[in-house]
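A.B. asks: Before we start, here is the structure in question, set down as structure tokens.
The values are calculated or read from the model by the stated rules, or taken from the named source; none is laboratory data. This structure is a prediction, so every number in the text was calculated from the model and none was measured. For accessibility, only protein heavy atoms count, side chains too; no ligands or nucleic acids. Shrake-Rupley method; radii C 1.70, N 1.55, O 1.52, S 1.80 Å.
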Amino acid sequence: MSDREKKPDDSENEIIERIEEVAEEFVEDVETAIESVLPPHLRLRLWMLRRPVTHAIWRASVLIIGIVLVIAGIFMLVLPGPGWVTIFLGLAVLSSEFAWAHRFYGPLQRAFEWAKQKAQERANRKRNK
């Protein structure tokens, strides 16, 4: 193998650098075009995802709010208040950001839908009597 085959010369390096610049510009243009059609809240969400500090603050906020709602819902099971609704709301908040909460939320949502359907059937039977 000759030296020319082993390492590129200056003109090849310039071509590679120019290709990288064009690719970066293209990616930025595509990201800008996508973001321009998104609603403002999704643009803000993308902005936060690109920055580690804001993303960590967002996840911590979701975690705190979700846990507070779940704990409040548990207390409301024995105290006056909409306990189950608050627990479902807390899990919905948590599942928006955390996969482990989404795994809990899915089966609970199906159970809620089943219970709602049974309650509607029972109400319809009472109405028909």
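A.B. asks: Kindly point out which whole DSSP H helices in the chain project their C-alpha atoms 15 angstrom or further along the helix axis while averaging a Kyte-Doolittle hydropathy of 0.5 or above.
C.D. replies: Values: long enough: 10-37 (41 Å, -0.40); 52-78 (40 Å, 2.11); 83-95 (18 Å, 1.98); 99-128 (43 Å, -1.56).
The qualifying helices are 52-78, 83-95.
A.B. asks: Let me confirm the definition first: pairs of Lys residues in the chain, 8 or more apart or on different chains, C-alpha distance under 26 Å. How many are there?
C.D. replies: 4
A.B. asks: Among LEU79, LEU46, LEU63, determine the one that fluctuates most according to a GNM of the chain built with springs between C-alpha atoms less than 10 Å apart.
C.D. replies: With Cα springs under 10 Å in the chain, the top fluctuation among LEU79, LEU46, LEU63 is at LEU79.
A.B. asks: For the chain, what is the calculated [θ] at 222 nm in deg cm²/dmol (nearest 500), taking -39500 (n - 2.57) for each run of four or more DSSP H residues and dividing by its residue count?
C.D. replies: Taking each H run of at least 4 residues, the total per residue is -29500 deg cm²/dmol.
A.B. asks: Here's something else I'd like to know. Pick from ARG45, ARG18, ARG110: which is most flexible by mean-square fluctuation in a GNM of the chain where alpha carbon atoms under 10 Å apart are linked?
C.D. replies: ARG18
A.B. asks: Let me ask something else about it. Per the 1.4 Å probe, what fraction of the accessible area of the stretch 31-129, in percent, lies on carbon and sulfur atoms?
C.D. replies: On the way: 5270 of 7530 Å².
Carbon and sulfur atoms account for 70 percent of the accessible area of the stretch 31-129.
A.B. asks: Let me ask something else about it. Among rounded, prolate and oblate, which fits the chain when a ≥ b ≥ c are the square roots of the eigenvalues of its C-alpha gyration tensor, a/c under 1.5 means rounded, and a/b larger than b/c means prolate?
C.D. replies: Verdict is prolate for the chain.
A.B. asks: Per residue, how much accessible area does the chain have with a 1.4 Å probe, in Å²?
C.D. replies: Value returned for the chain: 82 Å² of accessible area per residue.
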